[in-house]
1. Rank these by accessible area, largest first, 1.4 Å probe: Thr261, Thr118, Thr62.
2. With a 1.4 Å probe and every protein chain left in place, tell me how much accessible area Ser359 has, in Å² to the nearest 10.
3. Picking from Arg11, Arg46, Arg258, which is most flexible by a Gaussian network model of the chain using Cα springs under 10 Å?
4. Which FRET efficiency, nearest 0.05, do Asp27 and Ile199 yield, Cβ-Cβ r, R0 51 Å?
5. Counting only the heavy atoms of the protein chains, how much of Met272 is accessible to a 1.4 Å probe, in Å² to the nearest 10?
6. Heavy atoms only, probe 1.4 angstrom, no DNA, RNA or ligands counted: give me Ser222, Ser70 ranked by accessible area, highest first.
7. Please name which of Phe201, Thr357, Gln10 has its Cα lying farthest along the dipole of the chain towards the positive end, using unit charges on Cβ (Lys, Arg +1; Asp, Glu -1) and the Cα centre as origin.
8. Give me the percent of accessible area attributable to carbon and sulfur for the chain, probe 1.4 angstrom.
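The values are calculated or read from the model by the stated rules, or taken from the named source; none is laboratory data. Treat the numbers as computed from the prediction; the structure is a model and nothing was measured. Virtual Cβ from ideal backbone geometry, glycine too; neighbours counted across all protein chains shown. Note: accessible area is taken over every heavy atom of the protein model, side chains too, but ligands, DNA and RNA are not part of it. Shrake-Rupley method; radii C 1.70, N 1.55, O 1.52, S 1.80 Å.
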Amino acid sequence: MASLSVKPGQRFTLPDWQNNSLLISADAEQQRYDSHHIRQEGRALRNETGNQAKWDEHNTRTFLNDRITSVDRWREALARCLTEIDLEIDALSKVKEAAENALQAKNLCLDVAIECLTFRESRREIDVVRDPVEEELLREVKVIEKTKKVLQQRVDDAFRQLCLLKEARQQLSCDHRHKVETLELDRQCVSFNPTSGNISFKVNPTRIPDGTIALHDWELKSQRNKERAEAEMKASVDLRGAITLSIAQTNNELDAQRTATEFALRKRIREMEGALSELRWQEQNTLEEIAEMEEEIRKLEEDIRKRTLDLKVAHTRLETRTYRPHMELCRDQAQYGLTDEVQQLEGIIRALQQKRTQSQDALDALYRQLYRIQTDIGYKTNSLQLDNKCMDTRKKLVIPVEKFDPEVDAVNRTRNLPRNSQLEV
């Protein structure tokens, strides 16, 4: 027989069930209301923060662009100043090189003058005189030493000014390089956006790095660098004008002294050439006589050799005939003829030898006379050669290194200076 199965546990009443349903509905309403309120607040916050972030980013981008413009203006100003200071360094270097070439040319002029004085110290006997040439050479040495001191001072000034220009250029170059790097970094910052692949969180990004300076100090530093470079360039322009003037003045002084020295030297050479003319004529005649005498001696020796061979033949014939047998060994006509031939040949050879000795004595006398003539010529020739050597040495100064007219504008930087000095020897 079947029985009723009852589920164990608490049983609720119908009002409890109804109340529970009402409570769930009320809670759901409240949760939806709270959620709607939060959603509205979130939407408002998103709109507000989104707008604020956009404006902040816009302001930041504007500030970066303004900063880029400002740095770029300074970069262009420093670049122009760098170009100008490079041109001025090149111009001053060329003028300094011209001064060094002029100074080097003065060394050549001094060497030439001293070499001429040294040459003339080798004069001998009566030719050792203190003539106008020597006085002009000594005066030329003094002028050269004076101009060398002036040019050396100018070269030293140019070297110091180049050092100052290069120091100013180094500061400008460093400042310019830093601004180029800054522009690159700021432009990179402008290019960043939320979709960039190289953005990330950084540790303490709002810190102030060591060495940070104020904006005013930044501008003041660049301004000081630019003003210093301009001041050094102005000083360099003035120095270039002074160097060019010094080169021209020293050239004029040395040219005048060189002209006086060479005039006296040419006059002395003409005097020496006149004195040598007669001695040269005597020497030529003596040499011709010596040549004829040597030819005569050669012919005498040739005849002696021939007669000696003839004598050998006669001696051999006589000796050979001594071997005739018995009664054949007689003094015949051939024997007397050979004997007479030997005696004649011996007399001829003695006469020829005597004449050769006399000719040799005469030749020796001619050589002694020639030596006396050439010794006298040697003194004059030596002096003339020394003066001609002086003239040849001074040919190095025909177009001296420092004799140029540089097209220099003391205000502008346009010029045409020779890069390599040329000496015409």
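1. Values: Thr261 0, Thr118 80, Thr62 50 Å².
These residues rank, largest area first, as Thr118, Thr62, Thr261.
2. 10 Å²
3. Answer for the Gaussian network model of the chain: Arg11.
4. Numbers: r = 45 Å, r/R0 = 0.88.
Result of the calculation: an efficiency of 0.70.
5. Met272 exposes around 10 Å² with every protein chain in place.
6. Working: Ser222 0, Ser70 25 Å².
Reading off the accessible areas and sorting them downward yields Ser70, Ser222.
7. The one lying farthest along the dipole's positive direction is Gln10.
8. In the chain, the share of accessible area belonging to carbon and sulfur is 54 percent.
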